[in-house]
1. Just for helices (runs of 4 or more DSSP H) wholly inside the range 303-398: which have at least 2 residues that are buried (at least 23 other Cβ atoms within 10 Å of the Cβ) and without any contact (Cβ under 8 Å) to a residue 24 or more places away in the chain?
2. Given (1) within 22 Å of K159 (Cα to Cα); (2) within 24 Å of the chain's Cα centre (by Cα); (3) of a type outside the set (K, R), identify the lone condition not met by L238.
3. Looking for something modelled with pLDDT of 95 or more and part of a helix (DSSP H, G or I) - is there at least one such residue anywhere in the range 139-146?
4. Is it the case that T58 is in a helix (DSSP H, G or I), among the β-branched types (V, I, T) and modelled with pLDDT of 95 or more?
5. Which one of these is farther than 30 Å from D345 by Cβ, among the aliphatic types (A, V, I, L, M), surrounded by fewer than 19 Cβ atoms within 10 Å (Cβ to Cβ) and touching a Leu at 6+ places or on another chain (Cβ under 7 Å): A182, A132?
6. Under 17 Å from the mean Cα position of the chain (by Cα), within 26 Å of T152 (Cα to Cα), among the small types (G, A, S) and modelled with pLDDT under 90: does that describe G49?
7. So which of Y157, Y190, Y139 ends up being more than 22 Å from A347 (Cα to Cα) and outside the structural domain of Y386 (by TED's automatic domain parsing)?
8. Search the range 61-96 for residues being of a type outside the set (D, E, K, R), more than 17 Å from the chain's Cα centre (by Cα) and assigned to a loop (DSSP other than H, G, I, E, B), and hand back the single one that is surrounded by the fewest Cβ atoms within 10 Å (Cβ to Cβ).
Amino acid sequence: MNNKRVLAALAASAAGLLLSACGGGGGDAGSGPVSLTVWTGFTGGDRPGYEQIVKDFTAAHPDIKVTMTVQPWDTIQQKLPSAWLTGQGPDIAAPSSDPNAIAQYVKTNSVLALTATGAGDDKINTDQFAPALVKEFTYNDKLYAVPANYATLSLYYNKKLFAAAGIGKPPATVAELQQDAAKLTTGGRYGLVLADNNTIQMWPVLQWLSGGDIVGADNCSVLSTPAGVASLQPWVDLVKNRKISPVGLTGAEADSIFSAGKAAMEINGPWAAPGYKSAGIDLGIATVPAGASGQPVTLGSTAPLAVSAKTKHPAQAQQFLAYWTSRTAQLKFSLSTGFPPLRTDLAGDAQLKADPTVSVFAGQVPNAKLYLPQVPNATQVDTDAYVPLIQKITRDGDVAGGTAAAAKQIDELTGCGK
């Protein structure tokens, strides 16, 4: 009889251990604070800003303990799909730096539809987000993520190199940008350093400035149209013939060239400013010049922050998202990182306007466009078609031939015409 009791106790203990190891990131089922786990890939200079949000939330909510693990994006992209599918992953995650990546988790029912939206500090205030951000994370009329951040790209320039070239101010139009890039390419220095892989996309901005685009509203490629070819040709000529930038650069390599004082200009986001300043660059930050149409345009970048469909604590997880995107957290985050706030109700804040870095990036929010927003298979369109296109045409100069082949591949990926 005693042996049977021992065996029963062991079996119950084993069952308890098994249950505690499964599902939704390891919340506490008993008394004490609820535990939430978060995965993000924010390893850059903006990382302390995200860590401060977690710290402040935990301090304000003693009944919820949040632990954030920061790891490279490619590691998250390898581990998270199966982890969320089986209930072994974190409660909350930024699945990718690519906002379109949330679509795959919606398809596999791995991500929670968010319901805690509305007015008030304890709700996700979607009515205060930039409309494009809400649209980006909405599928079948349900919201599946919030923006973890919102960044616009601006024009960084080296004031010392500008002065040496006799240029008194940053370019205000796309024509001036092209002229200055050529003039500043001299003495072993580059006029406008351009990355084409493993980076925030810069080339779409150049296309938009020159009247072109990648995919139209019908998800069919417009790269090989006359406007598409014309938007790429002058930039390809500047890279291939005038050598304004090396080809084949990663984002990190382009940043290193600018940090070393070997490039006069670069298009980049707010995360780059602290590193350039610490490198001793006499740094200027300006809005991206007006395009050929006379209208300003730049790229807006965001990353999704979503909740596992198998979390044990959906209410607390959504409470955390509400705080992350709250007015209080976003104001503090913007002032500490240089990112523009993702909320529209902070646009007129006096503190943000007074900050010379934040004001430039925040001022471009109304003119920013997302890259391939909700285009089917957007990630593959980028990696399999667009990036290889830019790498090819900047080497061989055959814009018409390259765009024709890329357009065909993109249409197959997006299902154009189906």
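1. Numbers: elements: 314-324, 327-337, 350-354, 356-363, 387-396.
Answer list for the range 303-398: none.
2. (2)
3. No: the range 139-146 contains no residue that is modelled with pLDDT of 95 or more and part of a helix (DSSP H, G or I).
4. Numbers: in a helix (DSSP H, G or I): yes; among the β-branched types (V, I, T): yes; modelled with pLDDT of 95 or more: yes.
Yes, satisfied.
5. On the way: A132 fails: farther than 30 Å from D345 by Cβ.
Only one candidate passes the filter, namely A182.
6. no
7. On the way: Y157 fails: outside the structural domain of Y386 (by TED's automatic domain parsing); Y190 fails: outside the structural domain of Y386 (by TED's automatic domain parsing).
It is Y139.
8. P62
The values are calculated or read from the model by the stated rules, or taken from the named source; none is laboratory data. Computed from a predicted structure; not experimentally measured. Cβ atoms come from the backbone with ideal geometry, glycine included; neighbour counts cover every protein chain shown.
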